[in-house]
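The values are calculated or read from the model by the stated rules, or taken from the named source; none is laboratory data. Being a predicted model, the structure only gives us computed values, none of them experimental. FYI the Cβ positions are ideal-geometry reconstructions off the backbone, even for glycines, and counts take in every protein chain you see. Protein only, heavy atoms only, side chains kept; ligands, DNA and RNA dropped before computing areas. Shrake-Rupley method; radii C 1.70, N 1.55, O 1.52, S 1.80 Å.
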Amino acid sequence: MTGEDMRQSRDEEFTAFVVARSARLVHIARMLCGDPALAEDLVQTALEKAYQRWDRIELGDPFGYVRQAVVNQHLSWVRRRPWRERPSGGAAELEPELTWSVTDPAAGVDRRLAVGRALRHLTRRERAVIVLRYVEDLTEADTAAVLGVAVGTIKSANARALRKLREAPELSGSEVGEHV
């Protein structure tokens, strides 16, 4: 196989990965940051970095690698830009999409909006823990590995976040608040 054939094969494999997994990665990023445009930027940056290392990561767990890159991009963005403008009004108010099985579509929208508002009150670490544990269904150990912290840190951040969500006025009296 020539160098050109290998590059073309690599590009095809990476493209297939992006097509298959980018929607999930954007969903995770939206849950982390609450901003659809920023979520797409975070995923784009993570995919650019993954492409440069694709030969090494495709053999392991490419989704896990890119998911961790998205989380790292989000945490870096928050740390680098504490002075950055915060979106308000308009399209920036769109909430992360969550999925519940409901019979009334309007009730599902209300629940997603309420959860999105409640998530905004969590610290960046607490939000990352909630997204990785309950949206991505990672174990405490896997979440700790993704965030680069001890399992005990994940346990305490998770407990604090769940307590805040249970007490969130957005979720009080709702079915969601009872299940958190």
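Of note:
- Candidates are the residues of the range 16-34 that are open to solvent by 20 Å² or more (accessible area, probe 1.4 Å) and aliphatic (A, V, I, L, M); the one that is nearest to L119 (Cα to Cα) is V26.
- Hey, D110 open to solvent by 60 Å² or more (accessible area, probe 1.4 Å) and within 18 Å of H27 (Cβ to Cβ) or not: no
- Candidate set from the range 1-15 (those that are of a type outside the set (S, T, N, Q) and over 13 Å from Y51 (Cβ atoms)); member that is most open to solvent (accessible area, probe 1.4 Å): M1
- Scanning the range 35-68 for residues that are basic (K, R), free of Cβ contacts under 8 Å to residues at least 40 places away in the same chain and either under 24 Å from R127 (Cβ atoms) or open to solvent by less than 20 Å² (accessible area, probe 1.4 Å) (or both) yields a single hit, K49.
- Some residue of the range 27-35 being charged (D, E, K, R) and not in a loop (DSSP other than H, G, I, E, B): yes
- Of all residues making up the range 127-154, the number that are among the charged types (D, E, K, R), touching a Leu at 6+ places or on another chain (Cβ under 9 Å) and free of Cβ contacts under 8 Å to residues at least 60 places away in the same chain: 1
- With respect to the conditions (1) in a helix (DSSP H, G or I); (2) within 28 Å of T139 (Cβ to Cβ); (3) of a type in the set (A, V, I, L, M, F, W, C), M6 falls short on a single one, namely (2).
- Neighbours by Cβ (under 9 Å, 6+ apart or cross-chain): first from the range 1-17, in contact (Cβ under 8 Å) with a residue 12 or more places away in the chain; second of a type in the set (A, V, I, L, M) and surrounded by 12 or more Cβ atoms within 10 Å (Cβ to Cβ): F14/L47; F14/A50; F17/L47; F17/A50; F17/V66
- Selection count, the range 118-165, where residues are open to solvent by 40 Å² or more (accessible area, probe 1.4 Å), in a helix (DSSP H, G or I) and closer than 18 Å to S76 by Cβ: 3
- Among the residues of the range 166-179, those identified as in a helix (DSSP H, G or I) and either surrounded by fewer than 16 Cβ atoms within 10 Å (Cβ to Cβ) or at pLDDT 90 or above (or both) are R166, E167, E175, E178, H179.
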